[in-house]
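First the structure, in the form of structure tokens, and then the observations on it.
Rule-based calculations on the coordinates, nothing more; no lab input. Since the model is a prediction, treat every value here as computed from it, not as a measurement. Every residue, glycine as well, gets a Cβ built from its backbone with ideal geometry; the counts of neighbours run over all protein chains shown.
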Amino acid sequence: MLRWVAPASLAVAGIIHDLSGPPDQSSHFAYQILAAYTLLMAALQLPYANSSKETGSWPQYLTSLYYAVTEYFMPSSLRNLPAPDDDTPLLGQTITQFTADNPSTRYLFLSRKFPRTPFIRFRVFFDAPVLLVTSLGAAKEVLLKECYAFKKPGWFFRGVAEISGVGLLFSEFDAHKAQRKLLQPCFSPPNLKKLLPVFREKAAELGDYADKLLGKDEKKVLEMYSLHTRATLVVIGLTALGMDLGSLEHETRFQEIYDQVFSPPGIGQLITFINSWVPLRWMPIKANRDFISAMDELKDMLRQAIRRRKAEVANHKEGVLMTKDLIGYMLEQDGADVAFTEDVILGHMLNIVGAGHETTASTLTWGAYELACRPDIQGELRREIRMVLDSETGTSYADIDRIPKLDNFVKEVLRMYPSVPAHPREAARDVVISGVVVPKGTNVMICPAVLNQLPEVWGDDGREFRPSRWEGMDANSQLALMTFFQGPRQCIGKNFAILEMKAILCEMISRFQFESPEGAPTYDNPSMFLRPRNGLRVVLRRLS
Ligand code: HEM
């Protein structure tokens, strides 16, 4: 009977705590007395801990005791949320998550284990609670209605913004609203229309390069991820920044230092990761010196581009490709509501390069994998694409954007393989989401894969790759695809990315047959992107 004393005390303590004031993160005096009392009650059980199977082993007992006590420090409004029972003390779900086969697996597992709840509460480092958003209702509130009640957490800022720049990604509240308003026109449909010829030209170059790699052979195994990252870097540099950043045929200096910063070798990766929580950049070791010098060089290259463009804007020279390319646009707006100083523009450029090329490259790579697995879908797509590309009138923006089967295929790849698997947020104030009080400072995690596969939207077959599911979806179904998010902070480059991917797929599918993927794919984990571990190889067969 004694083993029930601690939980019972906990329950009583919890009720009294809830009655004693509104739920918040602070622990007041009465609460601490109750915590001490319960600890004492629980400690009374210790002599019985090894006496029978019923009471469990010492480690089990100590773990339960640890959790019984730490539950006290959980805001009361979060205590009753469903939570996994296999947390590791002080690390929570971190190990389970990092050893899973892909960065979304654990979140998907939890969302299936606890269906029909707005949030699942899990623990991470130092047992901090995180709320995983698991219903469409809660997602709508976090991303749309209460979007500005949340911000990017400090640990995330420390870990990522040192690489990706502050830019739009890490600006918050009014600063975000003002910058977003100014940058939005760069990504408007009229501007994107002007980019289609560039997307098509670069897609054709990618096709030519793949053809060159095949040489005299009719078919060959090619590694698609590196091909796609090179192609998307060329596109993003040229179209958004007016710069030559990459090349399809060889690794440029920019690519080399970019990889050093984003995917540092060996201990560098670990330092980048730990640096989010415990500052380690000051340590005088090689990994840090390499990182800092690569970052300086990267920024130097981008600064030179800004200065070059500044001189052009001063001479009223228009952007080469967009009527107003991103840098030119920002320079013209400097001095309006937002000061676009060199540092601010640099932040935006780092954002665009970081957010705009690996994401698109990963999605294209998973697309190549699905094509290789599904010859029937590939054949249907090829027929539709060739009809459009062969039309006598020439291919326009509207033509490519409205090939129905291609549209469904791209959406399905985006749904099943969201290239950014997890997006953390922190409540900037107390806020109520789907009836749950989320106290200021609480971390919230949005995992697009969870939201993209919700049974409330897709029924029971949401885990299957089936492009035809998009046929006949109405306008409200926008919420069915959360890969780019929705609302004020949704991806500003969404339409850019979709059009670029369609242009590349049109070219590649019409010229090559994708075949024989190498077994089941493996994923990088932990990783900020859902990308294949060690690349992804498929057979490309030249078509006549
Ligand atoms: C498949 C490709 C892409 C995916 C899946 C993707 C996904 C996302 C998501 C989910 C966000 C919201 C992040 C957050 O607030 O936590 C975001 C933001 C952003 N994305 Fe993308 N993105 C893609 C391509 C692009 C491209 C091509 C560009 C630029 C040309 C771009 C530029 C940005 C920027 C600047 C933001 C910050 C927007 C803001 O906070 O207002 N993205 N992206």
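See the values below:
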{"read-out": "Segments 466-473, 121-128 sorted - mean Cβ within 10 Å per residue, highest first", "value": "121-128, 466-473"}
{"read-out": "Förster radius 30 Å - calculated FRET efficiency between residue 290 and residue 516, Cβ distance, rounded to 0.05", "value": "0.20"}
{"read-out": "Above-threshold pairs, the threshold being 29 Å between Cα atoms, out of 177/202; 181/299; 113/411; 212/286; 310/411", "value": "177/202; 212/286; 310/411"}
{"read-out": "Packing-based order for 272-283, 353-364, 191-202, using average beta carbon neighbours within 10 Å, highest first", "value": "353-364, 191-202, 272-283"}
{"read-out": "Label-point separation in nm, residue 128 to residue 380, each point 7 Å along Cα→Cβ", "value": "4.5 nm"}
{"read-out": "Phi-based couplings in Hz for the range 350-363 (Karplus 6.51, -1.76, 1.60; Gly and Pro marked x)", "value": "4, 4, 5, 5, x, 7, x, 10, 5, 4, 5, 5, 4, 4"}
{"read-out": "Under Karplus coefficients 6.51, -1.76 and 1.60, residue-wise ³J(HN,Hα) of the range 445-456 in Hz, glycine/proline x", "value": "10, 10, 10, x, 4, 5, 6, 6, 10, 4, x, 5"}
{"read-out": "Distance between modelled label sites at residue 477 and residue 204, nm, 7 Å Cα→Cβ extension", "value": "3.4 nm"}
{"read-out": "Nearest-0.05 FRET efficiency for residue 251 and residue 468, computed from C-beta distance (R0 41 Å)", "value": "0.55"}
{"read-out": "Under 14 Å from the Cα of residue 216 - aspartates and glutamates, other chains or at least 8 residues apart", "value": "208"}
{"read-out": "Linear extension gain, residue 263 paired with residue 458, 0.36 nm per residue minus alpha-carbon span", "value": "66.6 nm"}
{"read-out": "Trypsin sites (Lys or Arg not before Pro) within the range 492-544: DSSP coil, no more than 16 neighbouring Cβ in 10 Å", "value": "533"}
